[in-house]
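Below: the structure, in structure tokens.
The values are calculated or read from the model by the stated rules, or taken from the named source; none is laboratory data. Bear in mind that the values here come from a model prediction, so they are computed numbers and not experimental data. Cβ placement follows ideal geometry from the backbone for every residue including glycine, while neighbour counts extend to all protein chains displayed. For the accessible areas, the whole protein counts, side chains as well, though only heavy atoms, and no ligand, DNA or RNA atoms are used. Shrake-Rupley method; radii C 1.70, N 1.55, O 1.52, S 1.80 Å.
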Amino acid sequence: NAGVMQNPRHLVRRRGQEARLRCSPMKGHSHVYWYRQLPEEGLKFMVYLQKENIIDESGMPKERFSAEFPKEGPSILRIQQVVRGDSAAYFCASSPRTLGRDTQYFGPGTRLTVL
Amino acid sequence: AQKITQTQPGMFVQEKEAVTLDCTYDTSDPSYGLFWYKQPSSGEMIFLIYQGSYDQQNATEGRYSLNFQKARKSANLVISASQLGDSAMYFCAMRGWNSGNTPLVFGKGTRLSVIA
């Protein structure tokens, strides 16, 4: 049973470019969460999606950031016109349901470096 | 809203000894779950253990146990018989059950170093 898959594992972009981060949830999981981790910090929630729907994007910056989870294919976190402050590790997690007791399983993360 | 506090930025433990990593929390939700994750130097987040607020017994998973004291709002992680491979960052997290689809809220973590 494959775990949560994320790619790429490392991504380098120059300021002003776009970054696309992909996440394939565990088999049978229809709930996807994106978190961001700055150096020496804990993870901070960004957005929660179900298939074709954004449920909660309260943690996502209003500009330049967007997320989707199409009916077919992985969830995508898109960052337009990246700035140096976007450099961080971005983690995707999935769960089978949305109950509080349901464990979220994390992918290996994508480390974004903005030059 | 939930808040997690981990007051130990770093901890050292001798191999084969037990160690306790502290975690206190704050929430207005009457029902909630508490989680511990391990992040080794390779960077992935590994789920370790879960405790529900209404669980009567403290959770255990192999060498990991959770010392849950609800009145004190603490959920300390106990690692018994430490191994060198336990050296990592450890994050305490929680989510409420009654506030809609709440995400996990994480503490800032504790870096554990196991000494041979």
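Points to keep in mind about this one:
- Counted by Cβ distance under 9 Å from residue B:82, the other residues give a net charge of -1, where Lys and Arg count +1 and Asp and Glu count -1.
- Residue A:53/residue B:115 FRET efficiency (R0 45 Å; Cβ-Cβ; nearest 0.05): 0.40
- Estimated at the nearest 10 Å², the accessible area of residue B:70 is 80 Å² with a 1.4 Å probe.
- Taking all Cα pairs closer than 8 Å and separated by 6 or more residues, the relative contact order of segment A:1-74 comes to 22 percent.
- Net charge dipole size for segment B:55-116 [Lys, Arg +1 and Asp, Glu -1 on Cβ; Debye, nearest 20]: 260
- With a 10 Å cut-off around each Cβ of B:67-73, the average count of Cβ atoms from other chains is 0.
- Among beta bridges identified by DSSP and lying wholly in chain B, the antiparallel ones come to about 85 percent.
- Cα centre as origin, Lys/Arg/Asp/Glu Cβ charges: chain B dipole, Debye: 200
- Subtracting the Cα-Cα distance of residue A:87 and residue A:14 from their residue separation scaled by 0.36 nm leaves 25.2 nm.
- Point-charge dipole on Cβ atoms (K/R +1, D/E -1) for chain A, about Cα centre, debye to 20: 300
- Karplus (6.51, -1.76, 1.60) ³J(HN,Hα), θ = phi - 60°, over segment B:35-44, in Hz, Gly and Pro reported as x: 9, 10, 10, 10, 10, x, 4, 6, x, 6
- Each Lys or Arg adds one and each Asp or Glu takes one away; over the other residues whose Cβ falls under 15 Å from the Cβ of residue A:3, this sums to +3.
- For the protein assembly as shown: span of alpha carbons on each principal axis (Å, largest first): 48, 40, 33
- Here the relative contact order of chain B, from alpha carbon pairs under 8 Å that lie six or more residues apart, stands at 38 percent.
- Neighbours of residue B:38 by Cβ distance under 10 Å: Lys/Arg scored +1, Asp/Glu scored -1, total -2.
- Of the cross-linked pairs A:62/B:3; A:44/B:73; A:51/B:73, those separated by over 30 Å at the C-alpha level are A:51/B:73.
- Cα→Cβ-extended label distance, 7 Å offset, between residue B:14 and residue A:64, nm: 5.0
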